[in-house]
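Presented below is the structure to which this report refers.
The values are calculated or read from the model by the stated rules, or taken from the named source; none is laboratory data. In this text, all values refer to a predicted model and were calculated from it rather than measured experimentally. Cβ sites come from the backbone with ideal geometry, for glycine too, and all protein chains shown count toward neighbours. Note: accessible area is taken over every heavy atom of the protein model, side chains too, but ligands, DNA and RNA are not part of it. Shrake-Rupley method; radii C 1.70, N 1.55, O 1.52, S 1.80 Å.
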Amino acid sequence: MDLPQFASPFVLLLISPIILGGLYAVRKGIPKPLIISRVVILSLLVIALASPYTLGTNTITDDAPKITVISDQTMSMDLFKTDTGQKLADALKSKTSTTYRQFAGVKSPIGDEVIGASEGNNNIVLVSDGNNNYGKDLFDAISFVSRPPEGTRVFAVRQKPIHNDASVEIESPKNLIIGNENVFNIVVRQATNDTRYSIDVDIDGTVVKSESVTQNIRTRVIPVPYTFNSLGAHRITATITPSSEDRSNLNNVFYKSVFVVPKPKVVMVTNDKDSPLYKIATSLYDVTTADDVPNDLSSYKAVIIDNKAAGQLNVDILRTYVGSGRGLVVVGGDSSYDKGNYNNSPIESILPIISRAAEYQGGRNLVILIDSSGSTSIKDPGAEYSFIELIDANAENIVQKITPDSRVGIVAFSGVTAQTGILPMSSDANKAELENFISDIGPKGGDNPTDLDKGLHAAEDLLDSVSGSKEIIVLSDGKMPPEGFDQTKKTVEDLTNKEIKIHFVQILSNYLQYKESNRLARYNELALAGGEQSIILNPDERASTLIGIAPEATPAPAQTPAVIYEYPLTIADSNHFITKYTNVTASVTGYNDITPKLGGERLVSTTRGKPILTTWGFGLGRVAAFSTDNGGVRTMWAPAVYSGENSRLISSMINWAIGDPRPGEGVVIQAEDIWGGTPGRAIITSKELPQVKLDGAQLPLSRTGPTTYEATISLEKNGFHDLSGYGIAVNYPLEYREVGFNEKLNTVIPASGGRVYNEDEVEGLLLIDIKKLSTRTVQEPVSQKEPFLLAALLLFLAEVIIRRMKDYRKERPDIQENPERPESETADRDKTIA
């Protein structure tokens, strides 16, 4: 039993004077047993007065839980039924305490609404598209209210759009460098999965792209490369003209204003002028080369340190330089980081990493989905093996050849699923367990259906239990029934949004099929939903090629060459400036073993989880730690990173470190483009009071620092505007950018203890689930006064009884003198006395 705690512990101090009083009474000659008894009794009463308690477990069931229905009536909800929230609230009111709230307008402060409706141990049902664009971030709000002491559970209704709408946006940096190729990412979003449109992109009045598009995914990114050869403001316009349903045409045109500047000055500290890194840098920037860090860095926008040891770097100069707002890129190699004595050195204090190996946290996690439906028992004419035999052989081949630092789980799907845990492959016993499981898999009969959706969810559950890169390989004959196909496709899209890579492998049983390239349409459509086409394997091929295992080597010659391992790279954070819309497909053969610091952002890593690109902010500046080499012949770790589309990672990394590429001379204006109905802000840097005009009219300025000024910009007219030569574009209201239901709710809400319901199931399941979740176990204080009070009472009664007995004996001394006297005589004597 746990020892009690006390609500008023200071009351226990009263025991001390009680003991002192008892000692004093003993000295005065009062009988010691009586004093001890009274001291103990009073002490027990004091303990009870201090309110002792223990924590007890109690189960609380709320039969009438409080529910708040929040209905989003903003403009973006025009694509859905507008009365869903009201109908749900009316249906719940007759069953439990229900409050209905709604909000409307051209802004969606959904996160603010969630926080405002949180009362503590209540339930919020969100009827919204989940596209928050004002106030508190919705996902942060859900996480916040779900934590104790609020304990609010958040649910959502996934509405199906009754209308489609498409929006267009141009994503690119505001300030660009002359002569460098820039990629303008044209982002087209739609509410459903089917739209057709023509897209036209013009730059400074010249059409640079025009095509017709059929889009069957929610979001499509169309890259448009372009190189500016003149300085100053330039104008880009993207226009979509839908030929299918489009609810609103407000968001069919997007304007982007950019400002082209001279090549920024960069200093590169290197001894290798033949490396791919050096060639990329000199082609993009005005590069000064140095063997050591120069003493004066004031004229440079960024410093690139290439494979230098800690002792070769002047850290004091770099710390001051970066802290004042400039950029630093440190590239690895055989003389850098863990190989250059960076650990616990002064340079490490600036970097977002520690130059020693990290403990293993994650790595490659793979779930193999095996199709064990009835159709896999078929053996085609001329085939040596059935589909299930070939599928099992491929699964065993993957288990045998995957690297020891990986973890693998197996899920067999048909009408039901069977699965293993996700096990480390460093153990031969674990490999044997998976191989035995695979060998026992077989179809249950020709009528056993293919339920891939159930298998994908089982794989998701396994991957949710681990950290690191996550992949699913589906091994199947490719025969997908139409029943439940849309739900399976949605599950594939959801898993892809969770950055789980899915490979769909179609196993063929004979070469005739292979020659016909018989890629089954529905199976391939699922693969496309995951971002790639399905992979067809003939009977002799094995799926182990998907896990980066090289083919069996030919017999080695007398001189066996050194074995070179390749480590594929993967994007760890796709929302950062450097990695957004960057496609990295390269592998490296070596890297520096480092550990990101707390606050460092790991952007690129190997599939085994080793950091390759880590960033953070230092003071006002930016630092990037690139922990592989410059691609040169000295170590040749990463030549693939510096070639083709992969090289955009390098230019994006240096661009991020540079920040604003404009020279800080004269009047420098910084102003982002504006969403309609939302005021913008301009920041002007000048040593003297600048005269800034907006479309020819003087703009009032407020001084915010010795050389900085600010101005608020309110523009109603969409299109391009001039701010003293610096262009500004005004677009449609932000409310019209994100269209359709935000699928991220399917991940965030369950992670916070809630659930997302379809429209047709919410009324039947919501209240049942809420009541289940309302039954909770809590720890409450249980008073322990009674034992102490009872002990004091019993002790007092015992004392009284003992004293009475003694008094009684004193009154009858004859009992003490002659205890053997007959009972009759004693009785006669008692009568005489009476």
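The table below lists the values:
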{"item": "Some residue of segment 298-305 being part of a strand (DSSP E or B), touching a residue at least 60 places away in the same chain (Cβ under 8 Å) and surrounded by 18 or more Cβ atoms within 10 Å (Cβ to Cβ)", "result": "yes"}
{"item": "Cβ-Cβ under 6 Å pairs, at least 6 apart or on other chains, segment 162-182 side over 30 Å from residue 83 (Cβ atoms), far side open to solvent by 30 Å² or more (accessible area, probe 1.4 Å) and of a type in the set (Asp, Glu)", "result": "175/660"}
{"item": "Qualifying residue in segment 609-629 (condition: part of a strand (DSSP E or B), open to solvent by 10 Å² or more (accessible area, probe 1.4 Å) and within 17 Å of residue 276 (Cα to Cα))", "result": "no"}
{"item": "Qualifying position, being over 25 Å from residue 336 (Cα atoms), free of Cβ contacts under 8 Å to residues at least 24 places away in the same chain and either open to solvent by less than 60 Å² (accessible area, probe 1.4 Å) or of a type in the set (Lys, Arg) (or both), among 208, 258", "result": "208"}
{"item": "Selection from segment 92-130 of residues that are within 21 Å of residue 679 (Cβ to Cβ), open to solvent by less than 60 Å² (accessible area, probe 1.4 Å) and in a loop (DSSP other than H, G, I, E, B)", "result": "108, 109"}
{"item": "Residue, nearest to residue 665 (Cα to Cα), within segment 261-279, restricted to residues that are in a strand (DSSP E or B), open to solvent by less than 10 Å² (accessible area, probe 1.4 Å) and in contact with a Ser or Thr (Cβ under 7 Å, 6 or more places away or on another chain)", "result": "267"}
{"item": "Enumeration of residues in segment 54-71 that are at pLDDT below 90, open to solvent by less than 60 Å² (accessible area, probe 1.4 Å) and not charged (D, E, K, R)", "result": "54, 56, 60, 64, 65"}
{"item": "Leading residue by the ranking (nearest to residue 806 (Cα to Cα)) among those in segment 20-43 that are part of a helix (DSSP H, G or I), among the aliphatic types (A, V, I, L, M) and open to solvent by less than 80 Å² (accessible area, probe 1.4 Å)", "result": "34"}
{"item": "Hey, residue 170 outside any loop (DSSP other than H, G, I, E, B) and over 21 Å from the mean Cα position of the chain (by Cα) or not", "result": "yes"}
{"item": "Inter-residue pairs, beta-carbon under 6 Å, first farther than 18 Å from residue 606 by Cβ and in segment 336-357, second among the acidic types (Asp, Glu), 6+ apart", "result": "342/348"}
{"item": "Residue ID - nearest to residue 737 (Cα to Cα), chosen from residues in segment 223-260 that are of a type in the set (Gly, Ala, Ser) and not in a loop (DSSP other than H, G, I, E, B)", "result": "238"}
{"item": "Condition met for residue 16 (part of a helix (DSSP H, G or I) and either within 30 Å of residue 155 (Cβ to Cβ) or at pLDDT below 85 (or both))", "result": "no"}
{"item": "Given (1) over 30 Å from residue 798 (Cβ atoms); (2) open to solvent by 10 Å² or more (accessible area, probe 1.4 Å); (3) in a helix (DSSP H, G or I); (4) of a type outside the set (A, V, I, L, M), index of the condition residue 81 fails", "result": "(3)"}
{"item": "Residues of segment 448-477 satisfying the condition of being surrounded by fewer than 22 Cβ atoms within 10 Å (Cβ to Cβ), closer than 17 Å to residue 414 by Cβ and acidic (Asp, Glu)", "result": "451, 453"}
{"item": "Answer from 762, 782, 756 - the residue that is open to solvent by 60 Å² or more (accessible area, probe 1.4 Å) and of a type outside the set (Asp, Glu)", "result": "782"}
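One line per residue, one yes/no per condition, for (1) more than 30 Å from residue 472 (Cβ to Cβ); (2) assigned to a helix (DSSP H, G or I):
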{"residue": "281", "(1), (2)": "yes, yes"}
{"residue": "287", "(1), (2)": "yes, no"}
{"residue": "318", "(1), (2)": "yes, yes"}
{"residue": "325", "(1), (2)": "yes, no"}
{"residue": "357", "(1), (2)": "no, no"}
